[in-house]
Amino acid sequence: MLTLVEEAFVPLRQAVSALPAYVPGARAGAGAPMWKLSSNENPYSPLPSVLAAITRAAAEVNRYPDMYAEELVGALAAHSGVAVENVVVGNGSVALLSHVLNAVVEHGDEIVFPWRSFEAYPIAAAVSGGNAVTVPLEEGTGRLDLPAMAAAITPRTRVVLVCSPNNPTGPAVHAGELETFLAAVPKDVLVVLDEAYLEFVRDPEAPDGIDVFRRNPNVMLLRTLSKAHGLAGLRVGYAIAEPRLAAGIRAVSTPFGVSHVAQAAALASLEPATQSQLMAQVEALVGERTRVVEGLRGQGWVLAETQANFVWFDLGEQTLERAAEAKAAGVLVRPFAGHGIRVSIGDPEANDAFLKVAASWR
Ligand SMILES: Cc1ncc(COP(=O)(O)O)c(C=O)c1O
């Protein structure tokens, strides 16, 4: 008979016991109206053609998916203007981030990234066995401090993460500063340009990621269908990398990591007619972003310049209290205790509700 020995737990790796928890954006509950502006999601439900593809694929889930998602990889390569050898798909771009770190980081190697930035970075870095080296954002602007990030590189550095636009503050890096930064990075150090919010960028000085990738084989792009394409719930991200690195990512990926339904939905969303409807939605969201930012400036807020589908409030110690007030008013936002609040751009009704909350915060 099996007896439970209370003290004999299998120990976790030290790096894992010390991991900060990934805090997901709050979810809307039943009852009172709740506008969910806490997870940088696309507020619009899937388009009919995408829903139809999901329904068709659902009838086939007794079969494993295409392991390397060949058709989807082909469509993403064509969409991005790169070769199929350059594209790897994963269970959200967050999975690809872990895969690439697992593929290149040796125990004790350094991974440089900005902070505050995407909260998955410290977790993925720790799990890979690397040492996180965080570089503070530029004071007051919420922008990445690329010269300081270049200065943080040592002979132990294996990877640098560049989040553009930066989650949760919003600004995009500029082509010129990125160029100067890349010139300072040794060619055997991987630079991951995380472009999760690419489609929302309207800053004319933002870099063209594909062009940067073509000219720098040590640059890899991370992109996702979770945001502009509205497929967050299905988990499809992709990496664009030089073929050897792409093969390394595939080698460490979870087999069959992108489901058949997710592949079908992603393919449908890349169809030209669907694509143009999706980009019209993105344009509407960018219009809403402008309206929200102007409304907030009218209320007297001084904000970081967002190029993503969210705005950032540097509220310091008031953060949790303000988030609770927003929740009481039916608006779920994403607080980062002691630092600030990130609020996603939603549909016009949600944004109006949030503008009222922001006015009450002042
Ligand atoms: C900067 C950044 N990168 C990556 C992701 C992950 O996206 P995915 O849903 O593709 O895993 C997010 C999601 O919030 C993000 O903000």
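The values are calculated or read from the model by the stated rules, or taken from the named source; none is laboratory data. Everything numeric here is computed off the predicted structure, so don't read it as measured data. Note that we place each Cβ from the backbone using ideal geometry, even for glycine, and neighbour counts take in every protein chain shown. Protein only, heavy atoms only, side chains kept; ligands, DNA and RNA dropped before computing areas. Shrake-Rupley method; radii C 1.70, N 1.55, O 1.52, S 1.80 Å.
Pull up segment 22-42, narrow it to residues that are at pLDDT 85 or above and open to solvent by 50 Å² or more (accessible area, probe 1.4 Å), then point me to the one that is nearest to Ala353 (Cα to Cα). Applying the filter and picking the extreme gives Trp35. Residues that are surrounded by fewer than 19 Cβ atoms within 10 Å (Cβ to Cβ), closer than 18 Å to Asn40 by Cα and touching a helix residue (DSSP H, G or I) at 6+ places or on another chain (Cβ under 8 Å): does segment 227-242 have at least one? Within segment 227-242, not a single residue is surrounded by fewer than 19 Cβ atoms within 10 Å (Cβ to Cβ), closer than 18 Å to Asn40 by Cα and touching a helix residue (DSSP H, G or I) at 6+ places or on another chain (Cβ under 8 Å).
Restricted to strands (runs of 3 or more DSSP E) entirely inside segment 187-245, those with at least 1 residues that are of a type in the set (S, T, N, Q) are 219-224.
Note on segment 9-21: residues that are surrounded by fewer than 12 Cβ atoms within 10 Å (Cβ to Cβ) and touching a residue at least 60 places away in the same chain (Cβ under 8 Å) amount to 3.
How many residues, within segment 83-138, are assigned to a loop (DSSP other than H, G, I, E, B), closer than 24 Å to Asn40 by Cα and in contact with an Asp or Glu (Cβ under 9 Å, 6 or more places away or on another chain)? Adding up the residues that qualify gives 4.
Looking only at residues in segment 306-361 that are free of Cβ contacts under 8 Å to residues at least 24 places away in the same chain and touching a strand residue (DSSP E or B) at 6+ places or on another chain (Cβ under 7 Å), the one that is most open to solvent (accessible area, probe 1.4 Å) is Leu320. Ala120 meets the stated requirement of being within 13 Å of the ligand (Cβ to nearest atom), more than 20 Å from Ala246 (Cβ to Cβ) and in contact (Cβ under 8 Å) with a residue 60 or more places away in the chain. Consider Leu278 carefully, then state whether it is among the aliphatic types (A, V, I, L, M), in contact (Cβ under 8 Å) with a residue 12 or more places away in the chain and not assigned by TED's automatic domain parsing to the domain that holds Gly142. Criteria met by Leu278. Scanning segment 141-174 for residues that are assigned to a strand (DSSP E or B), surrounded by fewer than 22 Cβ atoms within 10 Å (Cβ to Cβ) and not basic (Lys, Arg) yields a single hit, Thr157.
From the list Val133, Val82, the one residue that fits, being over 14 Å from Ala251 (Cα atoms), open to solvent by 30 Å² or more (accessible area, probe 1.4 Å), at pLDDT 95 or above and of a type outside the set (Ser, Thr, Tyr), is Val133.
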